[in-house]
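To keep things clear, I will list the structure first and then write my remarks on it.
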Amino acid sequence: HRRLVISKSQLLVVAVVACRRRAPLVSFGLAFFLVAVSLNLQILPSGLQVVAADRFYYLPSVGVALVLGAALDWMFMRPYARAVAAAACMVAFALWSWTTWSYAGVWRTNESLWSYTLARSPDSPIAKGNLALAYILAGRQEEALRLQTEMLRSDTNAVTIANLAIGYLKLGNVSQAWSYVQLAFSNGLARSETYYA
């Protein structure tokens, strides 16, 4: 996946250089997109767990808008291409409107958002943890516990263990909750954090 990202970036760099004299606005837009998006690609690992998110493309998309605007301007200045440009705009607006309408359902609840994220990133501990939290807030303790127990198979994070303790406590299973509290202590969770939780 990383190789694919780098090869696309290299093609964009070539396009930036090729367009700099004949289409400076296109060159600038592509360069703006590359610089702005490079901060979120994690080509150089930072050690942070980052989930890809739509908001990471808000600022870079300004560069894409410049390129599209320059292309439309070029087309509207030529009578033979004007009808094609108008039709392309109408199709694009219709598609974007439909995509926005259907995608809005993903953001309806925490559960729908993190279920959608987990379906696309099945190994993401952030998505699993937040979906488990959404289940807890919705009163679906057993589903939350199943997900948190699954997380413990690959992630012995002390906060995950403490959340599992909270889930068992809410279900009234004090002895199981206490065993997970002790496990959280042994995995480095500060006592003050556990008491707060």
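Could you sort 124, 154 by their accessible area in this structure, using a 1.4 Å probe and putting the largest first?
Most to least solvent-accessible, the answer reads 154, 124.
Largest first, how would 111, 142, 150 line up by accessible area (1.4 Å probe)?
Output order, biggest surface exposure first: 142, 150, 111.
Any chance you could look up the accessible area of residue 103 with a 1.4 Å probe, heavy atoms only, rounded to 10 Å²?
Answer for residue 103: close to 70 Å² accessible.
By average Cβ neighbour count within 10 Å, what is the ranking of 161-168, 77-84, 176-183, 13-20 from highest down?
Packing order, densest peptide first, comes out as 161-168, 176-183, 13-20, 77-84.
The values are calculated or read from the model by the stated rules, or taken from the named source; none is laboratory data. As the structure is a prediction and not an experimental result, all values here were calculated from the model. FYI the Cβ positions are ideal-geometry reconstructions off the backbone, even for glycines, and counts take in every protein chain you see. The accessibility values were calculated without ligands, DNA or RNA, using every heavy atom of the protein model including side chains. Shrake-Rupley method; radii C 1.70, N 1.55, O 1.52, S 1.80 Å.
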